[in-house]
Amino acid sequence: MQLFIGHLPNMQKWTNLSYANVATTSPKANQIALEWSESLARGGAAEFDADAEKNGMIPLRTATSKLLECPISDVCVSSSATEILCSLAWAIAPKKGKNIVSTKASFPSTVYPWKRVSEEFGAEIRLAPHDENYYTKPEDILSLIDENTAIVTISHVEYACGQRYNLKSFAKAAHDVGALFIVDATQSMGMVPINARDTGADAIVASGYKWLRGTYGAAVGYIAPEIQSLSPGIIGFRSHKDIWNMKAERLEFPDDASRFEFTTIHFGAALGLAASIDEITDIGIQKVWAHDLELTDLLIEGVLKSGLEIASPTNDEERSSIVSIKIPENFDTGEVVAKLQNDYGILATNRSGFLRISPHMDNTTEEIDFFLKSLREILSI
């Protein structure tokens, strides 16, 4: 079974089972990005004029609003998820006496902006521990939240083991003490259905080159109406509500989430990502999620039958399409990854010592079977 057929011709030599690392870019997104770059090379501003630049974020904001089931006014566009997180961190800037709660298992970019701000203003960073499988008990995170907590920030899906959190429970815990809840959904958006306002999150960010199947250079953010009055921590000429009314002596932010858009980006990447997201919504994010779970069911069954262990959660409440496999101690995980790629054309990832497999909507059950057969050959099991 395959939901979307359309690998680029030069990618047919690869079986990409590493969407948690880098997606096989949507052919449509790739074509749009290339055409935009070629138009600049051909005619510069004659083919991408002032109006096109002014409205260049709108298609991606529109596509994202449909995916997240929220108004376009809640959506902003950036070059990376980290940019939006940094802007939020400096906009909020918790002071001494406050604390910021996250996890040691988080991808570094989820925590680093808050760490830098805490060094400047004195807030305490509290990180919940993880076990040997990089699993973090939700109650260990919740136990760190108190009346002095200003920010709770987590990855919706953890990159190392694929653990998925219940966002509503963390939003409630944060809001009960007056804290904000910030989510990095780079490892979930495009795979897991997300109704942004229903999660209770104050902000959700995601880069476009993983599960959204875009390319590098474009990312999206959801900013809840309750915090759209924040003054962004990173600003530029696009921060003004009328970007071509350029006067250095004043700055008037837009009245919605677009105030977090501050500069020019790779508009080709943004326009391509909009098309890729539209592909997901046209298929239906629920169908994509069901397809990904079907693939991981097959993967988990095959791995366990081979006598190997899985580090990732497999229960319905916490699982995702990231499956981290424990490789026997007499094998080097990095060498297994290299052998899969060089000898079998299979793309996988070594993360935290695990063999991380992360199939998505372009993959088939036949490709999972091929991976399992290849892994057994490599490990002689």
Amide H within-cut-off set for residue 105, under 5 Å, with H built and near neighbours excluded: none
Cross-link table 98/168; 13/339; 339/373; 137/172, entries beyond 19 Å C-alpha to C-alpha: 98/168
Contour excess over end-to-end distance, with Cα ends at residue 330 and residue 317 and 0.36 nm allotted per residue: 1.4 nm
Inter-centroid distance (Cα atoms) of the range 274-302 relative to the range 337-381, Å: 18 Å
Debye, to nearest 20: dipole size of the range 319-381, +1 on Lys, Arg Cβ, -1 on Asp, Glu Cβ: 260 debye
Projected area, mean over directions - the range 152-271, Cα convex hull, nm²: 8.5 nm²
Listed residues 237, 340, 153: farthest to the positive end of the dipole of the chain (Cβ charges): 237
Potential extension, residue 66-residue 293 segment - 0.36 nm per residue separation minus Cα distance: 79.5 nm
At most 15 other Cβ within 10 Å, DSSP loop - chymotrypsin sites (Phe, Trp or Tyr not before Pro), the range 62-124: none
For a label point 7 Å along the Cα-to-beta-carbon line of residue 34, residues of the range 265-299 with backbone N under 16 Å: 268-269, 272-273, 276
Loop-located trypsin sites (Lys or Arg not before Pro) in the range 73-105, at most 16 other Cβ atoms within 10 Å (DSSP): 96, 104
Viscosity 1.002 mPa s, temperature 20 °C, Stokes-Einstein D of the range 198-351 from Kirkwood C-alpha radius, µm²/s: 110 µm²/s
Selection of chymotrypsin sites (Phe, Trp or Tyr not before Pro), the range 194-258, meeting DSSP coil and at most 11 other Cβ within 10 Å: 244
Relative contact order, percent, the range 28-282 [alpha-carbon distance under 8 Å, six or more residues apart]: 28 percent
Estimated 222 nm signal from helices in the chain, with DSSP H stretches of n ≥ 4 weighted -39500 (n - 2.57), rounded to 500: -11500 deg cm²/dmol
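Read-outs throughout are calculated quantities, based only on the coordinates presented, and are distinct from any laboratory measurement. Small disclaimer: the values here were computed from a predicted structure and weren't measured. Positions of Cβ are backbone-derived with ideal geometry, glycine not excepted, and every protein chain shown enters the neighbour counts.
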